Structures are given as structure tokens and as C-alpha cells.
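Below is one structure, written out as C-alpha cells; the observations come after it.
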Amino acid sequence: MAEQKKKRDGFGSKIGIIAAAAGSAIGLGNIYRFPCELGNNGGAAFLLVYLAVVIFLGIPVMLSELFIGRRSQSNSVGAFKKLAPKTAWPIVGYMGVLCGFLIFAFYSTVSGWTLEYIVKSVANSFQGKDMATLESDFAAFHNMGWRNVIWQGVFILLTGFVVFKGVQNGIEKYAKILMPVLLVILVILGIRAVTLPGAKEGLAFLFKPDFSKINAQVLISALGQGFFSLSLGMGVLITYGSYVKKSDNLTSTAFSVVLADTVIALLAGIVIFPAAFSFGVNPQAGMGLVFNTIPMIFNQMAGGYVFCIIFFVLLAIAALTSTISLLEVVVAYITEELHLNRRWSTVIACVGTMLLGCFVSLSLMENTPFTIGGRTVFDALDFITANVMLPLGGIFIVVFVGWRLGKTHFFEEVTNEGKLKSPLKTVIFFIIRYLAPLAVTVIFISGLLK
Ligand code: PFF
């Protein structure tokens, strides 16, 4: 069979996989979306639920995806076709590809803003402005719809360039350099933020939970945020799992990625909230929380000019390693299932995203005609992907592993055919088979009914 002899591209090293998977997980979801969700959902109470979600559901779901990917050596659609031929299971893979495409369409809008804000910070255009002016500048920028679209296009092109280069020479090479830089910059910013006057109040908001704030809305938001932040439920990790060598340890990869992602989200919280409280910014400021608060903070800080540039470069880097993974899911599907070459697959996926992306960016203008069910196209896509499609995908993935593929296959793969010890495999499989499907379903339905 000629097609099987063709060697698939893959990750060259263990650290490369972790960097790429963590690169996918760590992104605007941690630095931009996590503080927004935390601010809107009661602060520390949200954090607590979020941590429970990532530990008890995030790790098992991630391991399930890596397992499906490596076992099948296939993209997210091909994986289900191979492991469950002649069944309806590949629909889960198709849903993942669609979800990747939809997320990329709105994610690239915010990614584009990071480029605008790099330019603004280099031009020192935040200098001496108060919060009200920064807010109206931000709104004015959204109203320049086509400017948003152009930045979005630039970002899609950048992503397309890396993905076109392939797995080892593109994704792995860039992620290995970019991820550690990001961590270092965030630590420096965190140290600066907690030493600001009044930082304590922000830290209390982040770490002192008020349990009465936990309700269905908080649960579904934390679940959606957990899945979004860890890139779960749509096949990124199935696709990346298919590039992992048979000799690598899947369980420790999943633990490392979850740990890295959670540390970065917490660090982002430690940067944003003390600073926001210190300067009297409402933690529920939503989109503006990062894009207005950060320049405001740096405005009033020694060395703020440089820090501000670094921050937005950091945000762009974090976004890029995530958009790469979103695009890779779509491109891997087109190349392997529709048999187009990588170049054309990348072009088609990028053009498609750009077309939908225009509506997303233009939906943020005042009096925009682009709304769906009373929400802007941007909010509608964010909601439907993070709070509906990802949890749903997650449920199907764990049911597939727990009930269709079963324990023997799972144990074989996580122990590398018995060569590795995997002390937690029984507990993790129990969660995959019973707890995760139940918990995600209950939270998902209670969120829909609220
Ligand atoms: N996990 C990314 C973030 O937190 O920014 C976003 C994302 C990437 C979501 C890839 C889903 C995905 F498949």
C-alpha cells in the first residue's frame, strides 16, 4: 500500500511535542480570555472551579485525544475512520475540523489587535492618556472595521506561513523558541504587578473565593474556558498526538501541558488583577480588561514604554502558536482526507478563514448588521465553540475511548506496549469511562438550561 509507506511528518523530540502542544494550549485564552471570564464570573470562585476542571477533566480528556491520535496515526477525521470503520464516529472528527475553523475565524480577529497594539505601543501612542481616552480609542479602533480585517489578514498569513512549513520545520521549531520566551516575560511582568500599590486587593480577588458565587453560569464558563484554554474537544491534540513517537510518554506529556497552561493562566491573572485594582479598573471590563488596562498600567510605570511593547509582542507570540494548531487541524484534514498537497490545503484554509473572519471583525463595529441571535458574530462564535462544541466534542471523545476502544487498547498505548510504568492509568481510565462523560454532560446541560 503506497499510501502507508509514505512517511508522515512528525515531532522530532519530546520537548518539541510539549512545546507545540503547550504552544497550542497557551494563548489568548490564557492571557486575554481567562482574566475576562474570571472577572465576569466572581473572581476566585471561578478560579477554584476552573482548577477542578483542568485537573479532573482536562488531563483525562487530553490523554484521550493524544491516545486517539497516536493510535490511529491520523488527522482528527481519519482517526475515527480508522479506529471505528463504518460507524458514525467520524462525525466527531468533522465537528472538530469545523470547530477549529470557526475558532480560527474569531481568534484571528483578537490576534490581529495584538499587532495593532504593538504598533501603537512602539509609537508611544498611549502616553499620558487616561482610562476614558484609552477606552474610546479602543472603541474607535473597532469602528475602523477594515483596519481590523487587514491586521487579521496579516495574522492569518503569518500562521499560514508556519503551517505550510510542516510539523518539524515549522510548528516544532517555532514553538520551542517562542514558549520559553513567553514564560520569562510573564514572570517579569508578574513581579512588577504585585509590587504596585494596592496590588493586594487584586490578589484577594483572584485567590480568596466567595463560594456563594458558584452557580450554573460559573460552572459552564469554567468548563468552556478549561476546554478552550487546553485546546481540548476539537482534535488539536488528536492531530498532534498523531505526530508523537511511539516511544514517548503520553501521560507525562498531558501532565506537563496542563501544568504549563495553568501556570501561564495564573501568571496572567497575577499580572492583570493587581494592576487593574491598583489603577481602579473594573475587573468586569471584558474585552478592554487587557487591551486598556495594560497600557494604562505601563503608562504610569517606570520603564512602561518598553514593558508595554514586550507585553503585546508576548500576546502576539502566544496567539501565533495557538492559531498554528487551529490551522493545522484543518490542513491535516484537507491533505490527508481530500488528498491535496500542503500548500494548497493551507491556502484554501486561510482564504476560507479570511472570508468568515471579515464578518467577525466587522461585527464589532457600532450598529453592525452582522449579528446572530442578538449577539455579534464574534460573540456568537465564541459562545457556540467554547461553551457548546468543545464540551460536546469532549464528551464524545471520552465516550469513544472509555466505551468503544476500551481499557486494553488504552493501557497498551499509555504504557507503550508495557514498556512504561503508568501508575495512574487505572484512575485516569475510570475518569474517562465514568466521571468525565457524566460531569461534562451535567455541567453542559445545566448551562444550557440556565
Ligand atoms: N488554547 C488556545 C488558547 O488558550 O488561547 C486557544 C485554542 C487553540 C482553542 C486551539 C482551541 C484550539 F483547538
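In table form, for the structure just shown:
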read-out: Residue in segment 35-54 that is assigned to a helix (DSSP H, G or I), more than 12 Å from the ligand (Cβ to nearest atom) and either at positive phi or among the charged types (D, E, K, R) (or both) present; value: no
read-out: Verdict on PHE106 being in contact (Cβ under 8 Å) with a residue 40 or more places away in the chain, surrounded by fewer than 24 Cβ atoms within 10 Å (Cβ to Cβ) and more than 14 Å from HIS409 (Cβ to Cβ); value: no
read-out: Hits in segment 364-374 - residues which are assigned to a loop (DSSP other than H, G, I, E, B) and of a type in the set (A, V, I, L, M, F, W, C); value: LEU364, MET365, PHE370
read-out: Number of positions in segment 202-238 that are within 20 Å of ILE384 (Cα to Cα) and among the β-branched types (Val, Ile, Thr); value: 3
read-out: Helices (runs of 4 or more DSSP H) lying entirely in segment 163-279 (those with 1 or more residues that are among the polar types (S, T, N, Q)); value: 216-229, 236-241, 250-278
read-out: Qualifying residue in segment 341-363 (condition: crowded, with 23+ Cβ neighbours inside 10 Å, touching a helix residue (DSSP H, G or I) at 6+ places or on another chain (Cβ under 7 Å), in a loop (DSSP other than H, G, I, E, B) and modelled with pLDDT of 95 or more); value: yes
read-out: Single condition MET287 does not satisfy, out of (1) surrounded by 20 or more Cβ atoms within 10 Å (Cβ to Cβ); (2) within 22 Å of the chain's Cα centre (by Cα); (3) of a type outside the set (Asp, Glu); value: (1)
read-out: Output for segment 111-136, where each listed residue is of a type in the set (A, V, I, L, M) and under 14 Å from GLY153 (Cβ atoms); value: LEU115
read-out: Yes/no for SER111 being at pLDDT below 95, under 24 Å from the mean Cα position of the chain (by Cα) and among the hydroxyl-bearing types (Ser, Thr, Tyr); value: no
read-out: Test: residue in segment 375-385 that is within 25 Å of ILE220 (Cα to Cα) and not in a helix (DSSP H, G or I); value: yes
read-out: Residue list for segment 209-236, restricted to those being in contact with a Ser or Thr (Cβ under 6 Å, 6 or more places away or on another chain) and away from the ligand (no atom under 14 Å from the Cβ); value: ALA216
read-out: Selected residue (criterion: farthest from MET301 (Cα to Cα)) from residues of segment 104-147 that are touching a helix residue (DSSP H, G or I) at 6+ places or on another chain (Cβ under 9 Å) and not in a helix (DSSP H, G or I); value: SER125
read-out: Only one of ILE59, ILE31 that is within 16 Å of the ligand (Cβ to nearest atom), under 23 Å from PHE411 (Cβ atoms) and either modelled with pLDDT of 95 or more or assigned to a helix (DSSP H, G or I) (or both); value: ILE59
read-out: Residue match in segment 349-372 (condition: of a type in the set (Gly, Ala, Ser) and touching a Leu at 6+ places or on another chain (Cβ under 8 Å)); value: yes
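Per-residue answers, yes or no, for (1) at pLDDT below 90; (2) in contact with a Pro (Cβ under 8 Å, 6 or more places away or on another chain); (3) more than 12 Å from the ligand (Cβ to nearest atom):
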| position | (1), (2), (3) |
| --- | --- |
| ILE238 | no, no, no |
| LEU266 | no, no, yes |
| ILE272 | no, yes, yes |
| ALA275 | yes, no, yes |
| GLY286 | yes, no, yes |
| LEU326 | no, no, no |
| VAL329 | no, no, no |
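The values are calculated or read from the model by the stated rules, or taken from the named source; none is laboratory data. A quick note: this is a predicted structure, and the numbers were derived from the prediction, not measured. Reconstructed Cβ throughout: ideal geometry from the backbone, glycine too, with neighbour counts over all protein chains shown.
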